[in-house]
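Asks: One structure coming up, written as structure tokens, with questions to follow.
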Amino acid sequence: MIRVEDVQQNPQVEVLMQKVHEYLATMLAITHDEEHANHVANLSYRLLKMLDYSEREAELAAIAGYMHDIGNVVNRYEHGRSGALVAFHLLMRMGMPADEIATVIAAIGNHEERSGTAVSNVAAAVILADKSNVHYKRVRKQDEAAFTTRDRVNYAARKSYLTADPDKKEITMHLKIDTTICSVMEYFEIFMTKMLLCRRAANFLDCRFGLVINGNHML
């Protein structure tokens with residue numbers, strides 16, 4: 001049985017993940033490094049466990065969460081789809097059963113805002129874990145004048161975390177943002193597709209999605 005630790009320690013995966021970090025660094029893109037991969041893996045796992053899903057489903061969510069950005073080694077754009085193909089070959093060589101590979105690559109291929117869909121519990125968990133990881137430390141650029149809108153929103157985020165209440169059937173994203181950098185309205189304008197994807201993912205897990213910004217309930 002393949003576990004997330006097996007994937008993390010796979011030499012080919014290690015090389016590809018390092019190359020993702022190097023390539024995106026040349027573009028000064030938001031970091032998609034080992035820290036982000038581990039964060040999404042751990043949170044995907046914990047989210048399904050908090051909602052009383054099976055240990056194996058949670059483990060597959062951790063694997064998909066760890067590998068979700070590996071497609072950036074091919075190209076920044078449509079990296080979900082290319083990442084699914086990369087992961088397919090890696091996991092097949094590692095001996096993962098076909099049904100589990102299908103679950104993992106579907107989650108990887110469906111995590112992007114433009115084309116993503118919560119097609120399974122695993123995919124829903126990865127979407128929520130990934131999209132909730134908004135933080136100023138992920139911004140590479142030093143010159144604020146060169147920030148893209150995405151850079152600015154991430155840079156404004158001082159703290160972010162996700163909670164799940166299985167009794168109330170609620171999944172809530174909590175954000176603390178510096179409104180001198182980005183207003184709450186700007187956050188909604190820029191990340192509306194991200195929030196809609198999160199809401200659909202939470203609904204797939206039979207939960208309501210909530211958003212709390214600076215202590216105020218927005219959704």
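Asks: How many angstrom separate the Cα center of the stretch 126-149 from the Cα center of the stretch 49-101?
Replies: Rounded to whole Å, the Cα centres lie 22 Å apart.
Asks: Moving to a separate point now. Can you give me the C-alpha center-to-center distance between the stretch 178-202 and the stretch 1-39, rounded to a whole angstrom?
Replies: So the two Cα centres are separated by 26 Å.
Asks: So between Glu35 and Asp6, what do we pick up on full extension, going 0.36 nm a residue minus the alpha carbon distance?
Replies: Difference between extended and current length: 8.7 nm.
Asks: Inverting the mean 1/r over all pairs of different Cα atoms, compute the Kirkwood radius of the chain and quote it in Å.
Replies: Taking the inverse mean of 1/r over all distinct Cα pairs, the chain comes out at 17.4 Å.
Asks: Hey, what did the chain get for relative contact order, percent, Cα under 8 Å, at least 6 apart?
Replies: After rounding, I find 17 percent.
Asks: Which three extents, in whole angstrom, do the alpha-carbon atoms of the stretch 31-74 cover along their principal axes, largest first?
Replies: Computed over the stretch 31-74, the largest-to-smallest principal extents equal 35, 16, 10 Å.
Asks: Only sites in a loop by DSSP and with at most 13 other Cβ atoms within 10 Å count here; which chymotrypsin sites (Phe, Trp or Tyr not before Pro) in the stretch 60-91 make the cut?
Replies: Sites meeting the loop and neighbour criteria: Tyr77.
Asks: Taking the C-alpha atoms of the stretch 118-187, how large are the radius of gyration and the largest Cα-Cα span, Dmax, in Å?
Replies: Computed over the Cα atoms of the stretch 118-187, radius of gyration and Dmax are 14.2, 45 Å.
Asks: Can you compute the modelled spin-label distance between Arg140 and Lys169, with each label point 7 Å from Cα toward Cβ, in nm?
Replies: 4.3
Asks: Continuing with this model, one more query. What is the sum of charges, Lys and Arg at +1 and Asp and Glu at -1, for the other residues whose Cβ falls under 15 Å from the Cβ of Ile2?
Replies: -4
Asks: Would you be so kind as to identify all helices of the chain, as entire DSSP H runs, whose Cα atoms reach 20 Å or more along the helix's own axis and whose mean Kyte-Doolittle hydropathy is at least -0.5?
Replies: In the chain, the long hydrophobic H runs are 11-26, 79-94, 184-204.
Asks: Pick from Ala145, Ala201, Ala107: which is most flexible by mean-square fluctuation in a GNM of the chain where alpha carbon atoms under 10 Å apart are linked?
Replies: Taking springs between Cα atoms under 10 Å, the residue moving most is Ala145.
Asks: When the helices in the chain are scored as -39500 (n - 2.57) per DSSP H run of 4 or longer and the sum is shared across all residues, what 222 nm value do you end up with, to the nearest 500 deg cm²/dmol?
Replies: So the helix-based figure for the chain works out to -17500 deg cm²/dmol.
Asks: Determine the gain in length on full extension of the stretch Arg158-Asp52; use 0.36 nm per residue of separation and subtract their C-alpha separation, reporting nm with one decimal.
Replies: Computed gain between Arg158 and Asp52 is 35.1 nm.
Asks: Let me ask something else. Checking the cross-link filter: which aspartates and glutamates have an alpha carbon closer than 13 Å to that of Lys137, excluding same-chain neighbours under 8 positions apart?
Replies: Asp33, Glu35, Asp151
Asks: Under Stokes-Einstein, with the Kirkwood radius over Cα pairs standing in for Rh, what whole-number D in µm²/s applies to the stretch 1-45 at 20 °C and 1.002 mPa s?
Replies: Diffusion coefficient, whole number: 189 µm²/s.
Asks: First select every other residue whose beta carbon is under 12 angstrom from the beta carbon of Ser120; then total the charges, Lys and Arg +1, Asp and Glu -1.
Replies: -3
A short reminder: the numbers here are calculations on the coordinates, not readings from a lab. Keep in mind it's a predicted model, so treat the numbers as computed, not measured. Using ideal geometry, Cβ is built from the backbone for each residue, glycine included, and neighbour counts are taken over all protein chains shown.
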